[in-house]
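The values are calculated or read from the model by the stated rules, or taken from the named source; none is laboratory data. Computed from a predicted structure; not experimentally measured. Backbone-built Cβ (ideal geometry, glycine too); neighbour counts: all protein chains shown. These accessible areas exclude ligands, DNA and RNA; they are computed on the full protein's heavy atoms, side chains included. Shrake-Rupley method; radii C 1.70, N 1.55, O 1.52, S 1.80 Å.
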Amino acid sequence: MNILPLVLAALMVVMALAIAGVSGVFSAVVYTSIFSMLSVALFTALHAVDVALTEAAVGAGISLVLFVSCLASVGSADSVVIPRRRQLLAAAMAVVLAVLLGYGSMDLPALGAAQSAVHTHLSPGYLEQTRQLLEIPNLVTGILAGFRGYDTLGELIVIFTAGVGVLSLLGRGTAGSKPPV
């Protein structure tokens with residue numbers, strides 16, 4: 001049994017509790033980025049490299065830049081302090097979510113089990129029909145571009161909309177003036 005995914009998941013729980021317990025917003029942003037990189041390592045250990053790359057780009061990359069940009073535009077990050085009561089509430093919510101996710105994962109098939117739904121329903125059809133229907137020699141490219149194209153387009157629209165929203169919020173006010181807090 002590979003213990004690395006369990007160690008990474010445990011570190012993610014520790015980091016989630018650290019995020020909930022930190023008082024400064026800038027520290028929370030940095031811890032969130034570390035949490036994201038731990039999830040990248042976990043996805044890589046579970047051989048989901050495509051998901052790991054997406055998490056690295058969005059979770060640790062773009063999100064960190066946007067958060068730090070927002071903090072820089074509103075002034076000193078140290079002046080924003082999260083009350084202790086909200087920290088405890090966030091920690092309690094993280095624990096409840098972890099318990100619910102753990103409970104929900106008990107119904108999942110074993111990693112790589114040949115009889116799981118993903119291997120018996122979708123995969124054979126993708127593997128058999130990709131080259132015939134799409135005439136794309138690379139199976140992964142064919143599946144992502146042909147069968148999952150609308151899903152990928154939807155993800156791009158969400159990321160673009162979020163970026164435009166953040167840029168419009170950061171761009172408020174006149175040139176050279178500080179946006180309102």
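What distance in nm lies between label points placed 7 Å from Cα along the C-beta direction at L11 and M93?
Inter-label distance under the simple model: 2.6 nm.
Given the rule -39500 (n - 2.57) for each run of at least 4 DSSP H residues, summed and divided by the residues of the chain, what is its mean residue ellipticity at 222 nm, to the nearest 500 deg cm²/dmol?
-21500 deg cm²/dmol
Can you pull out the chymotrypsin sites (Phe, Trp or Tyr not before Pro) in segment 67-169 whose DSSP state is coil and whose Cβ has at most 14 other Cβ atoms within 10 Å?
Answer in residue order: no site qualifies.
Can you work out the accessible area per residue across segment 1-116, with the rest of the protein chains kept in place, probe 1.4 Å, in square angstrom?
Per residue, segment 1-116 has an accessible area of 65 Å².
Based on the Cβ-Cβ distance from L133 to L46, what FRET efficiency comes out when R0 is 35 Å, to the nearest 0.05?
It comes out at approximately 0.75.
Test of understanding: in a Gaussian network model of the chain with alpha carbons linked when under 10 Å, which of D107, D50, D151 would top the mean-square fluctuation ranking?
Most flexible of the set in this elastic network: D107.
Taking the structure as given and computing volume of the Cα convex hull per residue in Å³, which label from (1) 146; (2) 133; (3) 240 fits?
(1)
Using a simple charge model, +1 on the beta-carbon of Lys and Arg, -1 on the beta-carbon of Asp and Glu, nothing else, what dipole does the chain show about its Cα centre, in debye to the nearest 20?
700 debye
For Cα pairs less than 8 Å apart in space and 6+ apart in sequence, what is the mean separation divided by the residue count of the chain, i.e. the relative contact order in percent?
Once divided by the residue count of the chain, the mean separation gives 20 percent.
Using θ = phi - 60° and the Karplus curve 6.51 cos²θ - 1.76 cosθ + 1.60, what whole-Hz ³J(HN,Hα) does each residue of segment 151-166 get, with Gly and Pro shown as x?
Residue by residue, segment 151-166 yields 4, 5, 4, x, 5, 5, 5, 5, 5, 4, 5, 5, x, 5, x, 5 Hz.
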